[in-house]
Ligand code: FES
């Protein structure tokens, strides 16, 4: 599994919180989706091995909860905070601006494969909303104009690859 070292450390730590390993299935799925953007077959098998389960046990959890994504996301992941402070400062408008820029709805992959836009809960920067994470970078006070500028930057970076 190609996960960040910090995610792997969190996974090992989270498992210790549960007397029965299988109870860590949900938290592990959340951590992996947060890191990789989706839950692959490889991830399911990896979790199963880690928690001494059968892959089908993990797969059942993935298919039960609609928040788990079973398809890859775009190359860049735009996460717009929708929790109260950001919602009050225009987070929904910011999200709309990104959707317009890339011609896709939340949860989808844009036609060029470049982005997936998602709403997320509080990103712990409530005083500087609307807050947006693009991959690992936090952006503050992202109004529609700033969303457009960030979208332009994403497109520009895509051309360099
Ligand atoms: S409410 Fe958006 S960062 Fe906390």
> What FRET efficiency, computed as 1/(1 + (r/R0)^6) with R0 = 30 Å and r the Cβ-Cβ distance, is obtained for residue 92 and residue 159, rounded to the nearest 0.05?
Replying inline: 0.50
> Rounded to the nearest 5, what is the percent of antiparallel bridges among the DSSP beta bridges in segment 44-161?
Replying inline: 55
> For residue 140 and residue 26, what does the FRET efficiency come to when R0 = 30 Å and r is the distance between their Cβ atoms, rounded to the nearest 0.05?
Replying inline: 0.45
> Using alpha-carbon positions, what is the distance between the centroids of segment 1-21 and segment 58-113, in Å?
Replying inline: 25
> Which of the peptides 1-11, 81-91 is most tightly packed, and how do the rest follow, going by the mean number of other Cβ atoms within 10 Å of each residue?
Replying inline: 81-91, 1-11
> Expressed as an acute angle from 0 to 90° and rounded to the nearest 10, what is the orientation of the C-alpha long axis of helix 144-160 relative to the principal long axis of the chain?
Replying inline: 70
>> Using Cα springs under 10 Å in a Gaussian network model of the chain, which residue among 33, 49, 70 shows the largest mean-square fluctuation?
In response: 49
>> Please compute the modelled spin-label separation between residue 53 and residue 148, points set 7 Å along Cα→Cβ, answer in nm with one decimal.
In response: 4.7
> Can you sort 102, 64, 119 by how many other beta carbons sit within 10 Å, fewest first?
Replying inline: 64, 119, 102
>> Under 8 Å for C-alpha pairs, at least 6 residues apart: give me the relative contact order for the chain, rounded to a whole percent.
In response: 18
>> Need one number: convex hull volume per residue for segment 76-160, Cα atoms only, in Å³.
In response: 73
> Could you give the angle, 0 to 90 degrees to the nearest 10, between helix 41-50's Cα long axis and the longest principal axis of the Cα atoms of the chain?
Replying inline: 50
> Using the Cα gyration tensor of segment 5-64, with a ≥ b ≥ c the square roots of its eigenvalues, what is the shape: rounded (a/c below 1.5), prolate (a/b larger than b/c) or oblate (neither)?
Replying inline: oblate
>> Tell me the angle of helix 55-64 to the major Cα principal axis of the chain, expressed in degrees between 0 and 90 and rounded to the nearest ten.
In response: 40
> Where does the chain land at 222 nm, in deg cm²/dmol rounded to the nearest 500, when only DSSP H runs of n ≥ 4 count, each adding -39500 (n - 2.57), divided by all residues?
Replying inline: -14500 deg cm²/dmol
> Scattering from the C-alpha atoms of the chain alone, worked out with Debye: what is log10 I(q)/I(0) at q = 0.11, 0.14, 0.15, 0.17 1/Å?
Replying inline: -0.50, -0.77, -0.86, -1.01
>> Below 8 Å between Cα atoms, with a sequence gap of 6+, how large is the relative contact order for segment 5-64 in percent?
In response: 29
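Here, each number is a calculation from the coordinates, and none is a lab measurement. Bear in mind the structure is a predicted one, so any value in this text is a computation, not a measurement. Here the Cβ is made from the backbone with ideal geometry for all residues, glycine too, and neighbour counts use every protein chain on show.
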